[in-house]
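Asks: Structure in structure tokens, see below.
Bear in mind that the values in this text are calculations on the coordinates, not laboratory data. These figures come from a predicted structure and were not determined experimentally. Positions of Cβ are backbone-derived with ideal geometry, glycine not excepted, and every protein chain shown enters the neighbour counts.
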Amino acid sequence: MTNQPKFTSQTQRGNFRSSEWFAGDDEVALAHRVVMASVGHEIDAQNSKPIIGIADSSSDLNPCNLPLRDFLPAIKQGIIDAGGIPMFFPVMSLGEDLMKPSAMLYRNMLSMEVEEYLRSYPLDGVVLLANCDKSVPGALMGALSADLPTLMFTAGARPAALFQGRRVGTGTELWRMWSDFRSKKITESEWKEFEGCLNCGLGSCNTMGTASSVAMMVEALGLTLPGTSTHPENTQERKDAAYATGKAIVEMTFEGRTPSKILTSGSFRNAVRVLQSCGGSTNAIIHLIALSGRAEGNLTMDQISSLGEGLSVIVDVEPSGRELIQEFDIAGGLPALINQLGERFELDELTSLGTPWRSNLANPVSGSVIKSLDIPIYPKAAFGVLFGNLAPKGALIKVSAASEHLLIHSGKAIVFNGYEDMRTRIDDPELEVSKDSVLILKDCGPVGVPGMPEWGMIPIPKKLIAQGVTDMVRISDARMSGTSFGTCILHVSPESAVGGPLGLVEDGDMIEIDIPAGKIDLRVDESELERRSRDWVAPKSAHLRGWPALYQLHVLQSDEGCDLDFLRPTSPEMRRFVPPVVGRS
Ligand code: FES
């Protein structure tokens with residue numbers, strides 16, 4: 001498919017959506033104009049200036065998003081200089097580190113908040129300020145459903161920490177150090193020294209964790225200005241990008257360039273290719289599927305797998321590689337990565353500028369962290385998708401961060417019934433575990449906890465660490481941090497808490513995985529599995545009221561992006577924004 005810029009001016013000057021609030025001589029329009037005047041904005045008689053919302057998720061509770069507020073003045077100035085009216089409003093801040101059981105539980109709530117803000121207020125376009133993992137997809141899911149002109153602006157990655165003279169990436173090194181501390185390879189004072197060095201500044205994780213992955217994914221989709229998603233926090237490039245974002249959203253609004261006019265199924269396919277070739281986070285796949293469900297992509301797990309064929313990981317950034325996101329940005333960022341993918345990327349898909357990607361490419365800096373498909377850092381695409389009687393609707397693994405010798409493996413299951421059980425018994429000297437065992441963690445899926453926390457990188461039992469074991473096959477219906485690594489098979493669908501086969505596994509069962517062939521199977525007689533299925537009892541929910549109860553009732557499984565069933569459009573017409581204006585209020 002060839003996409004040419006296809007925008008016509010749908011919002012003539014003086015005919016914005018906000019005119020529904022402000023045009024006319026009656027008392028209602030007058031009252032609405034007075035509200036605007038009271039916050040410092042004169043609405044002229046022609047209502048000739050689009051009103052641009054700035055959905056700000058900065059918060060003291062979330063150091064990844066906190067610096068977003070520093071960019072507000074530049075974004076506002078860009079909007080004003082381009083002829084718009086900026087209107088800031090706060091939205092909930094989803095901080096990965098402090099929210100329990102998981103920020104994922106609240107991603108869909110944020111999406112509803114953003115959608116309803118856009119629906120109910122006189123806004124013509126929006127800039128979404130988000131950074132930490134779930135706040136980016138959550139805000140964007142809401143904006144896709146509202147379908148007003150939208151740009152995402154992220155705060156960028158925090159500086160690298162320094163520990164004993166070496167640079168330390170966020171997350172990945174923490175998991176390594178934790179393993180070393182548990183096995184007494186480092187002392188208590190080194191562990192404390194490590195803690196002290198991690199407080200190195202604000203911004204998102206600086207590895208190819210979920211935040212970097214989803215920021216690049218949104219840029220690839222065409223909803224962030226090209227070349228800007230990886231500029232680190234506190235750089236002149238990011239400040240410039242803030243001002244440019246303010247200017248660009250006004251232009252998008254004048255042109256009526258809504259997400260539904262930018263996004264195609266090709267845009268979503270391209271985002272998968274970016275994630276497959278940058279060694280992106282497994283979480284980003286769930287979010288991308290959720291976003292596609294709100295728009296017109298409807299990505300499937302089969303596509304995640306098939307779109308990786310012929311690709312390899314070409315970005316040398318942790319956890320698949322060695323460097324940090326700062327180096328990726330210096331190397332040329334996403335336009336340089338896409339340049340290396342060449343025609344494997346659908347270059348006629350649009351950027352947020354309304355121009356095709358092929359006119360927004362950059363050459364990677366020679367010798368940088370962006371490699372070529374001929375000389376990759378990993379010879380295959382980042383993700384493997386597995387199907388079998390243990391995961392009829394699929395499971396996901398980041399192959400590029402797994403151990404080669406475990407990709408084809410069979411071993412006896414050691415089953416943990418939930419996170420508490422795992423934490424209690426994992427280091428029990430009596431645990432009958434060997435390096436060939438397969439660790440199974442149940443009841444940690446979207447419904448199970450609820451919210452599918454990042455518990456899937458089950459720690460290696462201490463007694464095996466002492467034997468020099470650094471990786472094992474681990475299988476769960478949980479997620480893992482984008483900064484994690486190891487042979488961790490995640491997102492098993494359907495999850496155990498809704499009756500998925502993972503819930504039927506017992507200690508000692510033989511599990512077979514063949515990741516290159518995309519297979520995951522439980523080698524137990526059919527008749528025995530039927531018996532277990534008849535005896536299976538759903539875990540009792542601890543949540544009888546409020547958001548968690550609503551979430552458990554309506555959340556979809558991971559292969560469908562963990563959206564809420566009632567938030568997905570049921571027809572193409574529902575993908576279009578329905579103006580909320582029903583009479584005067
Ligand atoms: Fe917020 Fe990583 S914890 S970006």
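Asks: Provide, as a two-decimal number, the C-alpha radius of gyration of region 16-105 over 2.2 N^0.38 Å, N being how many residues it has.
Replies: Ratio of Cα Rg to 2.2 N^0.38 Å: 1.40.
Asks: Measure nothing but the geometry: give the 0 to 90° angle between the long axis through the Cα atoms of 72-81 and the longest principal axis through the Cα atoms of the chain, rounded to 10°.
Replies: Approximately 40 degrees, to the nearest ten.
Asks: Using mean Cβ contacts within 10 Å as the protection proxy, how do 198-206, 82-90 order, highest first?
Replies: Result, highest mean first: 198-206, 82-90.
Asks: Hey, which lysines would be in cross-link range of Lys134, C-alpha to C-alpha under 17 Å, not counting anything within fewer than 8 residues on its own chain?
Replies: By straight Cα distance, Lys134 reaches Lys100.
Asks: Compute, for the chain, the length of the dipole vector about the Cα centre, with Cβ point charges of +1 (Lys, Arg) and -1 (Asp, Glu) only. Units Debye, rounded to 20.
Replies: 480
Asks: On to the next question. How would you rank Leu337, Leu564, going from fewest to most other Cβ atoms within 10 Å of each one's own Cβ?
Replies: Leu564, Leu337
Asks: Let me ask another. Could you list, in their original order, any pairs among Lys442/Lys463; Lys49/Lys247; Lys49/Lys76; Lys239/Lys261; Lys412/Lys435 whose Cα atoms are separated by more than 18 Å?
Replies: Among Lys442/Lys463; Lys49/Lys247; Lys49/Lys76; Lys239/Lys261; Lys412/Lys435, the Cα-Cα distance tops 18 Å for Lys442/Lys463; Lys239/Lys261.
Asks: As I understand it, the value is the acute angle between the Cα axis of helix 104-120 and the longest principal axis of the Cα atoms of the chain; what does it come to in degrees, rounded to 10?
Replies: Value to nearest ten degrees: 10.
Asks: When only Cα pairs under 8 Å and 6 or more residues apart are kept, what is the percent relative contact order across region 494-560?
Replies: Relative contact order here is 29 percent.
Asks: Using the charge dipole of the chain (Lys, Arg: +1 at Cβ; Asp, Glu: -1 at Cβ; taken about the Cα centre), state which of Ile186, Leu504, Thr470 has its Cα farthest towards the positive end.
Replies: Selected residue: Ile186.
Asks: Please report how far the C-alpha centroid of region 375-444 lies from that of region 256-320, rounded to the nearest whole angstrom.
Replies: 24
Asks: Based on other C-beta atoms within 10 Å, arrange Leu72, Leu390, Leu439 from fewest to most.
Replies: Leu72, Leu439, Leu390
Asks: Under 1.5 on a/c is rounded, so check that first for region 62-211, then, if it is not, pick prolate when a/b is larger than b/c and oblate when it is not; a ≥ b ≥ c are the square roots of the alpha carbon gyration tensor eigenvalues.
Replies: Prolate shape, in that a/c is at least 1.5 and a/b is the bigger ratio.
Asks: What list of ³J(HN,Hα) couplings, whole Hz, do you get for region 323-332 from phi and the Karplus terms 6.51, -1.76, 1.60, once you set θ to phi - 60° and write x for glycine and proline?
Replies: 9, 10, 5, 4, 5, 5, 5, 4, 5, x
Asks: Per residue, what volume in Å³ does the convex hull of the Cα atoms of the chain enclose?
Replies: Convex hull of Cα atoms, per residue: 153 Å³.
Asks: Once you charge only the Cβ atoms, +1 for Lys and Arg and -1 for Asp and Glu, what is the size of the charge dipole of region 321-435 about its Cα centre, to the nearest 20 debye?
Replies: 240
Asks: Between helix 135-146 and the chain, what is the angle of the helix's C-alpha long axis to the longest principal axis, kept within 0 to 90° and rounded to the nearest 10?
Replies: Value to nearest ten degrees: 50.
Asks: Can I ask one more? Only bridges whose two residues both fall in region 363-485 count here: according to DSSP, what percent of them are antiparallel, nearest 5?
Replies: 40
Asks: If you don't mind, there's one more thing I want to ask. Would you mind classifying region 208-320 by shape? Square roots of the alpha carbon gyration tensor eigenvalues, ordered a ≥ b ≥ c; an a/c under 1.5 is rounded, otherwise it is prolate if a/b is larger than b/c and oblate if not.
Replies: Here region 208-320 falls in the oblate category.
Asks: Considering only DSSP beta bridges where both residues belong to the chain, give the percentage that are antiparallel (nearest 5).
Replies: Of all bridge pairs located within the chain, approximately 45 percent are antiparallel.
Asks: Another question, then. Counting only helical runs of four or more DSSP H residues, what would the 222 nm mean residue ellipticity of the chain come to if each run contributes -39,500 (n - 2.57) and the total is spread over all its residues?
Replies: -9500 deg cm²/dmol
Asks: So for region 393-502, what are the equivalent ellipsoid semi-axes in whole Å, largest first, each being the square root of 5 times an eigenvalue of the Cα gyration tensor?
Replies: Working through the eigenvalues yields semi-axes of 21, 16, 12 Å.
Asks: A further question follows. Sequence neighbours fewer than 8 away in the same chain don't count; with that in mind, list the aspartates and glutamates whose C-alpha is under 15 Å from Lys371.
Replies: Asp316, Glu318, Glu323, Glu327, Asp329
Asks: Next question, about the same structure. Could you put Arg273, Arg176, Arg479 in order, starting from the residue whose Cβ has the fewest other Cβ atoms within 10 Å?
Replies: Least crowded to most crowded, the residues run Arg176, Arg273, Arg479.
Asks: May I ask what percent, to the nearest 5, of DSSP beta bridges between residues of region 288-446 are antiparallel?
Replies: About 60 percent, rounded to the nearest 5.
Asks: A further question on this structure: Long-range amide H contacts for Ile54: which residues qualify at under 5 Å (H placed 1.01 Å from N, peptide plane, sequence gap of 5 or more or a different chain)?
Replies: Placed amide hydrogens put Met87, Phe88, Phe89, Val127 under 5 Å from Ile54.
Asks: If you don't mind, there's one more thing I want to ask. Can you tell me, using C-alpha contacts under 8 Å and at least 6 residues apart, the relative contact order of region 222-341 as a whole percent?
Replies: That works out to 34 percent.
Asks: Under the rule that a partner needs its Cβ under 4.7 Å from the first Cβ, which Cys of the chain have none?
Replies: Cysteines of the chain left without a disulfide-compatible partner: Cys197, Cys200, Cys205, Cys278, Cys444, Cys488, Cys562.
Asks: Pull up all non-local amide H partners of Ala161: gap of 5 or more, or a different chain, and H-to-H distance under 5 Å with H placed in the peptide plane.
Replies: Val168
Asks: Same structure again: Would you list which lysines come within 23 Å of Lys192, measuring only between C-alpha atoms, while excluding same-chain residues fewer than 8 positions from it?
Replies: Lys184, Lys462
Asks: If you average 1/r over every pair of different alpha-carbon atoms in region 279-420 and take one over that average, what Kirkwood value in Å do you get?
Replies: 17.1
Asks: What size of dipole, in debye to the nearest 20, comes out for region 210-350 about its Cα centre when the only charges are +1 on Lys and Arg C-beta atoms and -1 on Asp and Glu C-beta atoms?
Replies: 320
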